[in-house]
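The next block holds one structure in the form of structure tokens; read it before the comments.
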Amino acid sequence: MECRKQQNYDVHLIEGLLSPEYSVLPAMLQERKALVVTTPTVYGHYGELLSGLIRNRGLNMQVVVLPDGETNKTLRSVERICAAALEYKLDRRSLLIGLGGGVCTDVVAMAASAIRRGIDHLRIPTTLIGLIDAGIGLKGGVNLGNKKNYFGCFNPPTHALLDRSFLETLPASFLRHGMAEILKMAPVADRHLFELCESYQTALIKSKFGVPEEVSREIIWRSSRLMLEELQKNPYESHTYQRLVDMGHAFSPALEATTDFRLHHGEAVAIDMALTVTLAESLGFMRTDERNRFIAALVQAGRPAFPFCAPELTVELCEAALDEVVYHRGGSINFPMPVEISRCVFLEKRDGLPSSVIGAALQRLSREASRQGCGALFDERS
Ligand SMILES: NC(=O)c1ccc[n+]([C@@H]2O[C@H](COP(=O)([O-])OP(=O)(O)OC[C@H]3O[C@@H](n4cnc5c(N)ncnc54)[C@H](O)[C@@H]3O)[C@@H](O)[C@H]2O)c1
Ligand SMILES: [Zn+2]
């Protein structure tokens, strides 16, 4: 028996997604029934526009609003979507549409893989992390208690629709988290992207990714292309456990969990990357000037309260996180170790990262953070 399933999907950079005149949604849906899943914040900003589009174009579409946030990324939310799908009598040709941040699209991908053993779904990311990462990949997931994405699936959408204009209403703090996910590709893959971020991120965050317009477009498109190119090499993570996109994702899951998700995913990724480049320098992989330049970009992305170290990030936590990484990455740590901005090697052996080096790196980050006056982690929620 051979039962391989070949699937393609399109990622579109578009404008006017919710406009009754210009929206591509009606053409994509044709006559299919759809259930839009969104969150209270997104519905508050865009509910009226969405209802207008449904009314004006006569779409066969219902909307369900689920509670927000990482603590609601649970099987309970998946169950609520399934119950709504049952109530609205979705059939096997029907669609789920995730309209929201990474939490929303991750939960929708899970529900779509479960309903009637799999129905199609569209992803419409409305956060920066969604546009360049969560909304365009193949994965869905929900947490088991504090264990991130313990339940998960590979479930590609049929389309990912990227409309930058959703960022107009996104609070600055979430734009900063998104910058951290963009910056993760720089030390491992793309110097030009790094230089664009370095030069323009302050203006972009201030203008909600509005100006400079060409740079905003280029950063989003370049980051999402890079992500897709990486995913394309290994879409189901079955060829290798060495993935560039794992930069910033070794210590961050444990850090998010230990703070009961008060620390957002993007903040945890930023802290993880600061530690990673510091380790890279201590172990002689990366030059000091390159390490400092990357840290400076992280600080700039995170101003005014950049969390590049956290009291919860202890040597013990890091050790436990690396043990978990070994479980997750096929028996080795497969740790992307930056060599310079745009290039990395993979560290395979767990003992390549001794606790003495981790301890010294954490102390250094803590000293640097207090010199910068960035000790307070959870102050800024603009
Ligand atoms: N599947 C993947 O490949 C993948 C990749 C990266 C991250 N993730 C996951 O994504 C999650 C983080 O996603 P996130 O950063 O988008 O956070 P999020 O989904 O929690 O959204 C952040 C907040 O912004 C609000 N929001 C969303 N869009 C808005 C808008 N346009 N205007 C105003 N408010 C808006 C949301 O309601 C929420 O309160 C984590 O759970 C992470 O694990 C998944
Ligand atoms: Zn991430």
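Hey, with R₀ at 41 Å, roughly what FRET efficiency would THR158 and ARG303 work out to, going by the Cβ-Cβ distance, to 0.05? List each step's numbers first, then the result.
On the way: r = 39 Å, r/R0 = 0.95.
It comes out at approximately 0.55.
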Using +1 on the beta carbon of Lys and Arg, -1 on that of Asp and Glu, and nothing else charged, what's the dipole of region 194-353 about the Cα centre, debye to 20?
400
What do you get for the angle between helix 213-233 and the principal long axis of the chain? Use alpha-carbon atoms, 0 to 90 degrees, nearest ten.
90
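Using Cβ contacts closer than 10 Å as the measure, can you line up LYS349, LYS139 from fewest to most? Mind showing how you got there, number by number?
Working: LYS349 9, LYS139 20.
Placing the least packed residue first, the sequence is LYS349, LYS139.
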Rounded to 10°, Cα long-axis angle of helix 172-183 versus longest principal axis of the chain
70
List every residue whose amide H lies under 5 Å from the amide H of LYS139, counting only residues 5 or more places away in sequence or on a different chain, with H placed 1.01 Å from N in the peptide plane.
ASN155
Just rank ILE115, ILE97, fewest to most, by other beta-carbon atoms within 10 angstrom.
ILE115, ILE97
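Work out, step by step, the length gained on full extension between GLU79 and HIS192: first 0.36 nm times the residue separation, then minus their alpha carbon distance; give nm to one decimal. Spell out each step's value before the answer.
Details: separation 113, 0.36 × 113 = 40.68 nm, distance 4.31 nm.
Gain in length upon complete extension: 36.4 nm.
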First select every other residue whose beta carbon is under 12 angstrom from the beta carbon of LEU99; then total the charges, Lys and Arg +1, Asp and Glu -1.
0
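Where does the chain land at 222 nm, in deg cm²/dmol rounded to the nearest 500, when only DSSP H runs of n ≥ 4 count, each adding -39500 (n - 2.57), divided by all residues?
Details: 13 runs with 175 residues, N = 382.
Taking each H run of at least 4 residues, the total per residue is -14500 deg cm²/dmol.
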In degrees, nearest 10, the alpha-carbon axis of helix 315-328 is tilted away from the dominant principal axis of the alpha carbons of the chain by 50
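Order by neighbour count: ASP10, ASP163, ASP133, fewest other Cβ atoms within 10 Å first, most last. Before the final figure, lay out each step's value.
Details: ASP10 10, ASP163 20, ASP133 25.
By the 10 Å Cβ count, ascending, the order reads ASP10, ASP163, ASP133.
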For region 10-168, what is the percent of antiparallel DSSP beta bridges, rounded to the nearest 5?
20
Which of the chymotrypsin sites (Phe, Trp or Tyr not before Pro) across region 179-243 are loop residues per DSSP, with 13 or fewer other Cβ within 10 Å?
TYR236
Amide H partners (placed H, <5 Å) of PHE346, local residues excluded:
MET337
Would you grab the residues whose amide H sits under 5 Å from the one on LEU95? Only those 5+ places off in sequence or on another chain, please, with H modelled 1.01 Å from N.
LYS33, ALA34, LEU35
With a 10 Å cut-off between alpha carbons and a GNM built on the chain, which of PRO336, PRO125, PRO212 moves the most?
PRO212
Just to check I understand the Karplus step: with θ = phi - 60° and J = 6.51 cos²θ - 1.76 cosθ + 1.60, what whole-Hz values come out for region 338-344, glycine and proline as x?
x, 10, 7, 5, 3, 8, 9
FRET efficiency for GLU237 and ASP323, using Cβ-Cβ distance with R0 set to 22 Å, rounded to 0.05
0.70
Projected-area average for the chain over all orientations - Cα convex hull basis, square nanometres
18.3
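FYI, it's all coordinate maths here, none of it is from the lab. The shown structure was predicted, so the numbers you read here are calculated from the model rather than taken from an experiment. Because the Cβ atoms are built from the backbone with ideal geometry, glycine has one as well, and the counts that use them run over all protein chains shown.
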